[in-house]
Amino acid sequence: MKNITTNQQQILPSPSYVCEESLLLNNLKLLKKVQEEADVSILLALKGFSLKSSFDLCRQYLKGCCASGLNEALLAYEEFKGEVHTYSPAFKPNEFSKIAEISNHIVFNSFAQLNLYKDDVKSHNSLGLRINPEYSSVEVDLYNPCGVYSRLGITKEQFLKGLEEYPNNLELISGFHFHALCEQNFDVLEAVFTKFEENFGEYFKDLKWLNFGGGHHITRKDYDVAGLIAFLKGIRAKYPHLKIYLEPGEAVGWKTGYLESTVLDIVHNGIDIAILDASAECHMPDTLAMPYKAEIRGASQDPSEKAYSYRFGGNTCLAGDIIGDYSFDKPLKVGDKIIFEDMIHYTMVKTTTFNGVNLPSIVIKRCNGSYEIVTNFGYNDFKSRI
Ligand SMILES: *Cc1c(COP(=O)(O)O)cnc(C)c1O
């Protein structure tokens, strides 16, 4: 059952992730506006959003992809077909030559990695180093690339050591990369850049590009888009020889769709507990990892606000597979649809088939209103994993 198109939302498989093309398009248009007005290049970070059935659309707005290893680089190269920028905390020896073949930019996380692979790079590769700007502003440790003892990026101290240890390697480098933000506004980028420029600005004259990573929440309503554009224009004016790249993932998939699930049973143990065919552990991993409480369409996140309150849990045997407590105006019944908002970025990419639970189907709601079921998962997907 592939690529079935229907106009009826009620016949979609349950559970399904439904990505709404019109919402994705709004995000892409805004990103393209930044790209054009500020004269920078914006890449899609596949880590956060890699829905390949949307790449025909994304490609019309963004320059390419940022990949974190061989598989993402292949997906970028074969399916997106724009520029491929590959960074990995450490490249694997058996994968590097393929990565070099299909990547435009390769960003190394240490001088040692650069030194290890410098003879295996291809003439079309533009090489970069990931810098740790040592400006830490992300409050959730799990998502803080500049936290204490972070392995991601080279600190100033290690950079100076690297120059001593590998005296000729900096000549191979065309760009610096940093990724220091998570869900943040432009004022944080400005602060990070100030620190970065202070510590590494003396090397900019020999570079061709800078990459400011992801974490720019450009498509969130309160993001200061005009501020970002003015800031980037300022950098372009100050360093006209440097191309600037941004590589957001979340901002591309932000609020572009939902996860639709079904109530399978309602049990009672002190409270009413609804068991869904969607699972926090398997299908909404960040609700447990971050953690956060997802929004449900038509429900209150406050379990005591409305008359009927329920705890939602998944149909795995994991006791902690709990999505949260919510309240509704009317009692729920078996078969009711439960819609979790904003379940596209960092969800499909992180799902598991733990406990044999199938992954949700993937559906695109096209701009013309039709629903296209692009992927269904079953026993073979579960079986082939291990
Ligand atoms: C995660 C990541 C991104 C994308 O971050 P978002 O928060 O999704 O915008 C970009 N670049 C690198 C190196 C990353 O690790």
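The values are calculated or read from the model by the stated rules, or taken from the named source; none is laboratory data. Keep in mind it's a predicted model, so treat the numbers as computed, not measured. Quick reminder, even Gly has a Cβ in these numbers, built from the backbone with ideal geometry, and neighbours come from all protein chains shown. Side chains are part of the model used for accessible areas, which takes the heavy atoms of the whole protein and leaves out ligands, DNA and RNA. Shrake-Rupley method; radii C 1.70, N 1.55, O 1.52, S 1.80 Å.
In region 351-386, which residue that is of a type in the set (K, R) and assigned by TED's automatic domain parsing to the domain that holds N7 is surrounded by the most Cβ atoms within 10 Å (Cβ to Cβ)? So that I can check it myself, show each step before the final result.
Going residue by residue through region 351-386, those that are of a type in the set (K, R) are 365-366, 383, 385.
If we keep only those that are assigned by TED's automatic domain parsing to the domain that holds N7 as well, we get 365-366.
On the way: K365: 21, R366: 14.
Looking at the filtered set, the residue picked out is K365.
I'd like to check which helices (runs of 4 or more DSSP H) are fully inside region 7-79 and have at least 3 residues that are within 16 Å of the ligand (Cβ to nearest atom) and open to solvent by 10 Å² or more (accessible area, probe 1.4 Å).
On the way: elements: 21-38, 55-58, 70-75.
Correct list: 21-38, 70-75.
If I filter region 133-142 for residues that are among the small types (G, A, S), more than 28 Å from N104 (Cβ to Cβ) and in the same structural domain as S97 (by TED's automatic domain parsing), do I get at least one hit? Talk me through it step by step, then tell me what you get.
Step one: of region 133-142, the residues among the small types (G, A, S) are 136-137.
Right, trim to more than 28 Å from N104 (Cβ to Cβ) and you get 136-137.
From the residues that got through so far, the ones that are in the same structural domain as S97 (by TED's automatic domain parsing) too are 136-137.
Within region 133-142, one or more residues are among the small types (G, A, S), more than 28 Å from N104 (Cβ to Cβ) and in the same structural domain as S97 (by TED's automatic domain parsing).
Restricted to region 236-271, and to residues that are over 22 Å from L25 (Cα atoms) and assigned to a helix (DSSP H, G or I), which residue is nearest to the ligand (Cβ to nearest atom)?
Narrowing region 236-271 to residues over 22 Å from L25 (Cα atoms): 236-244, 261-271.
Adding the requirement that they be assigned to a helix (DSSP H, G or I) leaves 236-238.
On the way: R236: 21, A237: 25, K238: 23 Å.
Looking at residues that are over 22 Å from L25 (Cα atoms) and assigned to a helix (DSSP H, G or I), I get R236.
Determine, yes or no, whether E183 is within 19 Å of I42 (Cβ to Cβ), open to solvent by 50 Å² or more (accessible area, probe 1.4 Å) and not aromatic (F, W, Y). Full working, then the answer.
Working: within 19 Å of I42 (Cβ to Cβ): yes; open to solvent by 50 Å² or more (accessible area, probe 1.4 Å): yes; not aromatic (F, W, Y): yes.
Against the criterion (within 19 Å of I42 (Cβ to Cβ), open to solvent by 50 Å² or more (accessible area, probe 1.4 Å) and not aromatic (F, W, Y)), E183 qualifies.
Touching a Lys or Arg at 6+ places or on another chain (Cβ under 8 Å) and either in the same structural domain as I323 (by TED's automatic domain parsing) or more than 27 Å from Y87 (Cα to Cα) (or both): is that true of S261 in this structure?
Values: touching a Lys or Arg at 6+ places or on another chain (Cβ under 8 Å): yes; either in the same structural domain as I323 (by TED's automatic domain parsing) or more than 27 Å from Y87 (Cα to Cα) (or both): yes.
Considered against the rule, which asks whether it is touching a Lys or Arg at 6+ places or on another chain (Cβ under 8 Å) and either in the same structural domain as I323 (by TED's automatic domain parsing) or more than 27 Å from Y87 (Cα to Cα) (or both), S261 comes out as yes.
Quick check on region 280-316: of everything there that is in contact with a helix residue (DSSP H, G or I) (Cβ under 8 Å, 6 or more places away or on another chain) and assigned to a loop (DSSP other than H, G, I, E, B), which residue is nearest to I266 (Cα to Cα)?
For region 280-316, the residue satisfying everything is G314.
Scan region 89-109 residue by residue and report those that are in a loop (DSSP other than H, G, I, E, B) and farther than 15 Å from G175 by Cα.
The answer is P89, A90, F91, K92, P93, N94, E95.
Kindly indicate which of K205, K156, K221, K233 is open to solvent by 20 Å² or more (accessible area, probe 1.4 Å), under 25 Å from the mean Cα position of the chain (by Cα) and more than 16 Å from the ligand (Cβ to nearest atom). If you could, list the steps in order and put the result at the bottom.
Numbers: K205 fails: under 25 Å from the mean Cα position of the chain (by Cα); K156 fails: under 25 Å from the mean Cα position of the chain (by Cα); K233 fails: under 25 Å from the mean Cα position of the chain (by Cα).
Step by step, each of K205, K156, K221, K233 is checked, and only K221 is open to solvent by 20 Å² or more (accessible area, probe 1.4 Å), under 25 Å from the mean Cα position of the chain (by Cα) and more than 16 Å from the ligand (Cβ to nearest atom).
Among the residues of region 177-192, is there at least one that is free of Cβ contacts under 8 Å to residues at least 60 places away in the same chain and over 28 Å from the mean Cα position of the chain (by Cα)?
No - not one qualifying residue is present in region 177-192.
Being under 24 Å from N199 (Cβ atoms), within 16 Å of the ligand (Cβ to nearest atom) and buried (at least 18 other Cβ atoms within 10 Å of the Cβ) is the requirement here; does I106 meet it? Write out each step before concluding.
Details: under 24 Å from N199 (Cβ atoms): yes; within 16 Å of the ligand (Cβ to nearest atom): yes; buried (at least 18 other Cβ atoms within 10 Å of the Cβ): yes.
Taking the combined requirement at face value, the residue satisfies it.
So D325 fits all but one of (1) open to solvent by 50 Å² or more (accessible area, probe 1.4 Å); (2) over 14 Å from N355 (Cβ atoms); what number is the exception?
Status for D325: all satisfied but (1).
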